[in-house]
Structures are given as C-alpha cells and as structure tokens.
1. Can you tell me which residues in the range 83-122 are within 9 Å of the ligand (Cβ to nearest atom), in a helix (DSSP H, G or I) and surrounded by 13 or more Cβ atoms within 10 Å (Cβ to Cβ)?
2. Please find, within the range 48-57, the residue that is nearest to the ligand (Cβ to nearest atom) out of those that are crowded, with 20+ Cβ neighbours inside 10 Å and not aliphatic (A, V, I, L, M).
3. Among the residues of the range 52-82, how many are over 18 Å from Ile18 (Cβ atoms) and either outside any loop (DSSP other than H, G, I, E, B) or in contact with an Asp or Glu (Cβ under 7 Å, 6 or more places away or on another chain) (or both)?
4. I'm trying to understand the selection: among the residues of the range 123-150, which are within 15 Å of the ligand (Cβ to nearest atom), in a helix (DSSP H, G or I) and exposed (fewer than 11 other Cβ atoms within 10 Å of the Cβ)?
5. Of all residues in the range 1-47, which are in a helix (DSSP H, G or I), away from the ligand (no atom under 16 Å from the Cβ) and loosely packed, with under 14 Cβ neighbours inside 10 Å?
6. Mind listing whichever residues of the range 132-148 are in contact (Cβ under 8 Å) with a residue 40 or more places away in the chain, closer than 20 Å to Gly83 by Cβ and either charged (D, E, K, R) or in contact with a Phe, Trp or Tyr (Cβ under 7 Å, 6 or more places away or on another chain) (or both)?
7. If we scan the range 52-71, do we find a residue that is closer than 22 Å to Lys149 by Cβ and either out of contact with any strand residue (DSSP E or B) (no Cβ under 6 Å at 6 or more places or on another chain) or among the aromatic types (Phe, Trp, Tyr) (or both)?
8. All but one of (1) within 16 Å of the ligand (Cβ to nearest atom); (2) surrounded by fewer than 12 Cβ atoms within 10 Å (Cβ to Cβ) hold for Asp67; state the number of the condition that does not hold.
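No lab work stands behind these numbers, since they all come straight from the coordinates. In this text, all values refer to a predicted model and were calculated from it rather than measured experimentally. Cβ sites come from the backbone with ideal geometry, for glycine too, and all protein chains shown count toward neighbours.
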Amino acid sequence: MKTLILYKSIHHKNTEKIAKAIADVLKADIYDIDKVNPEIIKNYDIIGFGSGIYFGKHHKSLFRFLDKISKTNKKAFIFSTAGFPFLKSMFHKELRDKLKNKGFEIVGEFCCKGYHTYGIFKLFGGLNKNHPNEEDIKKAKEFAKNILKN
Ligand SMILES: Cc1cc2nc3c(=O)[nH]c(=O)nc-3n(C[C@H](O)[C@H](O)[C@H](O)COP(=O)(O)O)c2cc1C
C-alpha cells in the first residue's frame, strides 16, 4: 500500500513529530500540505491528514486542499496534536465529515498532547510541556502499525 502523509504544523512543530513517526512506520512520503498539488493523491492508496487543533478543528489548509480534489474511494486516516486530546472525537469531526463527503474510507484516528502556549496558557508556561514525548511517539507508531493491518 503506497501511503502519503500530508500535514500542517504551525505552533511548535508538535504535529510534525507525530507525522514523521507515522511516516517512518508506514514508509510513507510526507509533505507539508501547502507544498503539494492536490493531484498528488492519485499516486497513493492511503492518505494520512494531520495538523494541530486550532479553535476546535484541524488547520484550514487541510480543508482548502480537500476542496480542490474530486470524489475518491481511497482510504484515509486522521491525526492531530492538541491541548486537550481527550476531545479528539469532537476536534476531528469537521475533517472526518469532509473526508467522508469526498468518498474517503476512514481507517483510523490518532490524537495526542501537544505543547500549547497560545493565549492564556502562555501565562503559565504553557500546557503539555515537552509533548509529544517519547510515549506519545511510541503510541503514534503503534497506531501506524495498526493502519498496516487494514
Ligand atoms: C491558535 C491556536 C488555537 C488552539 N486551539 C486549540 C483548541 O481549540 N483545542 C485544543 O485542545 N488545543 C488548541 N490549541 C493547541 C494546539 O492544538 C497544540 O498546541 C498543537 O499541538 C499544535 O500543533 P502544532 O505545533 O503542530 O501546530 C491551539 C493552539 C493555537 C496556536
């Protein structure tokens, strides 16, 4: 299965760490989503989409990218890092719905803590300092191994 990972990581490069860990396991090609032409997905079987969570959802670059592609029947997985990862299901909803509308089959979702210094959190030295940490990376790799079983 040829795998592509497309991500956006703007705050502390937290999601980039996760994207690279997943790409390692899946032997995936990996790009900043703003640096590729949407046509690229034609060359792959599974596409992973990820970013930090900003104001309750993924980065707008992911949605802009998906607006430019036509309907597909490929597989996709979703990943993110967030201040409050236990809200994964809610944070992923908008991207999940968008992918499903485009015809993707969602084969997995992953979210872990990411260092968060935006807004009020800056005053306290930030939330989730040092995340993603080794344990988060390990979990991301386990997630990727499960994707391979799909
Ligand atoms: C502008 C902004 C808005 C954010 N909004 C949320 C949010 O709604 N929920 C949350 O859990 N974390 C939120 N965060 C924290 C980020 O999701 C977290 O720091 C993430 O790991 C950033 O990923 P990145 O370093 O890959 O950009 C926000 C961070 C920023 C900078």
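1. Residues satisfying the conditions are Pro85, Leu87, Phe91, Phe121.
2. Gly52
3. Summing the residues that are over 18 Å from Ile18 (Cβ atoms) and either outside any loop (DSSP other than H, G, I, E, B) or in contact with an Asp or Glu (Cβ under 7 Å, 6 or more places away or on another chain) (or both) in the range 52-82 gives 8.
4. Across the range 123-150, the qualifying residues are Leu123, Phe124.
5. Taking the range 1-47 first, the residues in a helix (DSSP H, G or I) are 14-26, 33-35, 38-43.
Add one more test, that the residue is away from the ligand (no atom under 16 Å from the Cβ), and what stays is 24-26, 38-43.
Residues satisfying the conditions are Glu39, Lys42, Asn43.
6. Asp136, Ala140, Phe143
7. Looking for residues that are closer than 22 Å to Lys149 by Cβ and either out of contact with any strand residue (DSSP E or B) (no Cβ under 6 Å at 6 or more places or on another chain) or among the aromatic types (Phe, Trp, Tyr) (or both), one finds none in the range 52-71, hence no.
8. (1)
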